[in-house]
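The values are calculated or read from the model by the stated rules, or taken from the named source; none is laboratory data. Every value quoted in this text rests on a predicted model; they were computed, and no experiment measured them. Positions of Cβ are generated from backbone atoms using ideal geometry, with glycine treated the same way; all protein chains shown enter the neighbour counts.
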Amino acid sequence: MRLTDILHPDCVKVPLVAANKQAAINALVDLLAETRGISDADELKNAVWQRETTRTTGIGHGIAIPHGKSAGVGELCMAIARTAEPLEFKAIDGKPVDLILLLVSPQDQTGPHIQALARISRMLTDDAFRSALKAAETGEQAYQLIVDHEAKAAV
């Protein structure tokens with residue numbers, strides 16, 4: 001699986017203006033609802049927020065990977081945002097977050113969901129890629145960085 005199989009260019013928001021992490025998560029769920037046909041955005045917001053309150057998805061280096069499953073999601077999909085201003089996310093390193101990768105799936109897709117989380121984590125271990133993604137000035141530029149990174153990884 002490639003991330004570009006589940007991430008569409010219109011699901012990358014740069015910059016995302018949000019007052020806090022819940023507003024940022026809600027904005028990304030709304031973006032997926034508009035572009036990917038999520039049938040019940042409120043249910044998905046609750047699922048993602050429930051997961052977030054259980055344990056932070058702020059993984060360090062200014063990155064958060066909120067995720068959740070919902071009956072209203074037809075297929076595994078994701079949205080990405082670079083925030084206009086860093087947000088408090090209670091990340092494991094105590095630093096604010098400015099890059100959010102939201103992953104959502106149907107309730108019965110545990111395997112693909114975990115595979116996608118692993119793929120995202122591996123991609124973000126590359127310091128140069130992570131810095132470039134955070135420096136992207138548009139959603140199109142951020143999406144192209146991911147396309148290029150996956151092309152290099154496939155070689």
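In the range 12-41, the residues that are surrounded by fewer than 20 Cβ atoms within 10 Å (Cβ to Cβ) form Cβ pairs under 7 Å with partners that are at pLDDT below 95 and in a loop (DSSP other than H, G, I, E, B), at six or more places apart or across chains, as follows: GLY37/GLY74; SER39/GLY72; ASP40/SER70; ASP40/GLY72.
Quick one: how many residues across the range 24-55 are β-branched (Val, Ile, Thr) and within 14 Å of the chain's Cα centre (by Cα)? If you could, list the steps in order and put the result at the bottom.
Of the residues in the range 24-55, the ones β-branched (Val, Ile, Thr) are 25, 29, 35, 38, 48, 53-54.
Now narrow it down to the ones that are within 14 Å of the chain's Cα centre (by Cα): 25, 29, 48.
Total meeting the criteria: 3.
In this structure, does LEU133 turn out to be touching a helix residue (DSSP H, G or I) at 6+ places or on another chain (Cβ under 6 Å) and over 17 Å from MET1 (Cα atoms)?
On the way: touching a helix residue (DSSP H, G or I) at 6+ places or on another chain (Cβ under 6 Å): yes; over 17 Å from MET1 (Cα atoms): yes.
Yes; evaluated as a whole, the condition is true for this residue.
Taking the criterion of being of a type in the set (Gly, Ala, Ser) and loosely packed, with under 11 Cβ neighbours inside 10 Å, the only residue of the range 132-155 that qualifies is ALA154. Here LEU28, LEU44 are screened, and the one residue that is within 20 Å of GLU140 (Cβ to Cβ), among the aliphatic types (A, V, I, L, M) and outside any strand (DSSP E or B) is LEU28. If you go through the range 59-111 and pick out every residue that is more than 18 Å from LEU44 (Cα to Cα) and either free of Cβ contacts under 8 Å to residues at least 12 places away in the same chain or not β-branched (Val, Ile, Thr) (or both), you end up with 19.
Tell me, please, whether a residue that is within 20 Å of ALA19 (Cα to Cα), more than 16 Å from the chain's Cα centre (by Cα) and surrounded by fewer than 21 Cβ atoms within 10 Å (Cβ to Cβ) can be found in the range 94-111. Taking every residue of the range 94-111 in turn, at least one turns out to be within 20 Å of ALA19 (Cα to Cα), more than 16 Å from the chain's Cα centre (by Cα) and surrounded by fewer than 21 Cβ atoms within 10 Å (Cβ to Cβ).
Residues in the range 96-140 that are over 17 Å from VAL48 (Cα atoms) and either of a type in the set (Asp, Glu) or assigned to a loop (DSSP other than H, G, I, E, B) (or both): PRO96, ASP98, THR125, ASP126, ASP127, ALA136, GLU137, THR138, GLU140. Could you tell me whether the range 52-72 includes any residue that is of a type in the set (D, E, K, R), under 25 Å from ALA19 (Cα atoms) and surrounded by 15 or more Cβ atoms within 10 Å (Cβ to Cβ)? Yes. Exactly one of (1) within 25 Å of ASP148 (Cβ to Cβ); (2) assigned to a helix (DSSP H, G or I); (3) at pLDDT below 95 is unmet by GLU75. Its number? It fails just one condition, (2).
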